Every structure is written in structure tokens, then in C-alpha cells.
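Written below as C-alpha cells is the structure these notes are about.
The numbers here are math on the coordinates, done by the rules we state, and not lab data. These numbers come from a predicted model, not from an experiment. Positions of Cβ are backbone-derived with ideal geometry, glycine not excepted, and every protein chain shown enters the neighbour counts.
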């Protein structure tokens, strides 16, 4: 949990570092069993038949389509009910000045016999204005991809992709906003992510000297499209409602 709160703290500061955390409990969830994911080469059939149109109160659905290099042509869909999960919905104010509070969605899947991990973060950052903490997502709105939060990040196997590279198309649309425990924060997202390398010290992706070497390859990308709904847990709680 501590490392995921570090992600949020870095996002609040506009930084880019992140730790990947494997959630070994995912393989036993009902959602995983229903989808019966299998790692495949070429176009995939993981989550076949799932359409990301669900209006969630606690969960998400994401369609992935990879382009270029190692995973070219691979596509799959993942969805999961997050009720009662731990370390997946991250809502807290550690290292912040209340009423500032940050939100992120983090999950990890392990797919198939090759044990390829899919790890992703949908980071909204600070939601509420406070002295020294500018909110990144203060209201219902459409937030185009940029070098700042909110941002989407996915690591698949050995490749990492992010929405913070220059010139990428996409957006995170918050259709229901709240910063209050027990209330719903929901929306959808769609866009194009580029292969990305972390920089030492969590440097600011908005600096050209950082985003240049961090955004490794424009020919290795992933398209994402999906929906999310988060009933906010208690601040700094490890378990979603």
C-alpha cells in the first residue's frame, strides 16, 4: 500500500516514477475466472465478447490493443468488480495538506502460461484545492492526455506505456465527480499510449529534457478504451466498499 501512495505523492508533484506491484490474489477472483484469460500470440481472445459499456459502482473494464515490436497485434479485454479488494482503489491524503486528497486505480493481472503481467494505473491525482496543492481533477470534465495527471499507464510483460508522452491523442472523461467517502466517481477513457521509460528521481514529464528520453519509441504503442466507477472508500483505507 505504501508504494502505491508514493505513486500518488509523485503524481501530485507532477512526477513520473512508479513502482510495479504484483497482486497475486487476482488469479482467484470471480471476474478472472469468468474471463478465463489465456496468453496468446497475435490477435487475442482474452475477454472475448466483453463490451466496455457497463456503468460501474465499483469496478472497471479496459480494452487493450498493442501495436509494434514484441506485442504487435495482440488485443484483449479485462474487467473486474473491485468490491472488497485491497490496494486497488487508492484514496488518501498522505503527505498532503487536507482537504487535498488524491485518487488512483491500480490493478495487476497475470495472464497465461508465459506469466505475462498486465499492470496498470489510472492516476487522477489531487481532487480538491488546498494550500500548496493544485487539483488536477476538480470537477466533472473531459481531461485530454497531457504530461500531467490525470494519466493512464500500463505495463505489459517487459514493455511499459504511458499517456504523458507529447502529442498523444486521448482523454479521461470524468462524468460523475466526488471527493467524499461512499459517493461515486465514474467515467470513461480512450486513447493512444506510447512506450515509456522511467527517469531516475521521478523527473517531471512536462520537461522536454525528461520526456524526450522517457518516451522511448513511437512505434511501440497501445490503444486503450474503457469505463470505470469507484465508490470512494475511507481516506487512507486499504479496502474498497
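Label residue 169 and residue 148 with points 7 Å out from Cα along Cα→Cβ: what is the distance between them in nm? If labels sit at residue 169 and residue 148, their model points lie 2.4 nm apart. Working ranking of peptides 221-231, 179-189 by packing, defined as the average number of other Cβ atoms within 10 Å per residue, highest first, is 221-231, 179-189. A protection proxy built from the mean count of other Cβ atoms within 10 Å ranks the segments 151-159, 92-100, most packed first, as 151-159, 92-100. If you average the alpha carbon positions of the range 84-101 and of the range 114-174, how far apart do those two centres end up, in angstrom? Between the Cα centre of the range 84-101 and that of the range 114-174, the gap is 16 Å. Between residue 97 and residue 57, the distance separating the two model label sites (each 7 Å from Cα on the Cα→Cβ line) works out to 3.8 nm.
Note on residue 48 and residue 209: their simple-model spin labels are 5.2 nm apart, each label 7 Å out from Cα toward Cβ. For residue 219 and residue 158 in one chain, what is 0.36 nm times their gap in residues minus the Cα-Cα distance, to one decimal in nm? Going from the current span to full extension adds 20.4 nm. Got a sec? Which residues in the range 174-195 would a label at residue 67 touch, if it sits 7 Å along Cα→Cβ and we count backbone N under 17 Å? Backbone N within reach: 190-195. Sorting the segments 72-79, 60-67 by their mean number of nearby beta carbons within 10 angstrom, highest to lowest, gives 60-67, 72-79.
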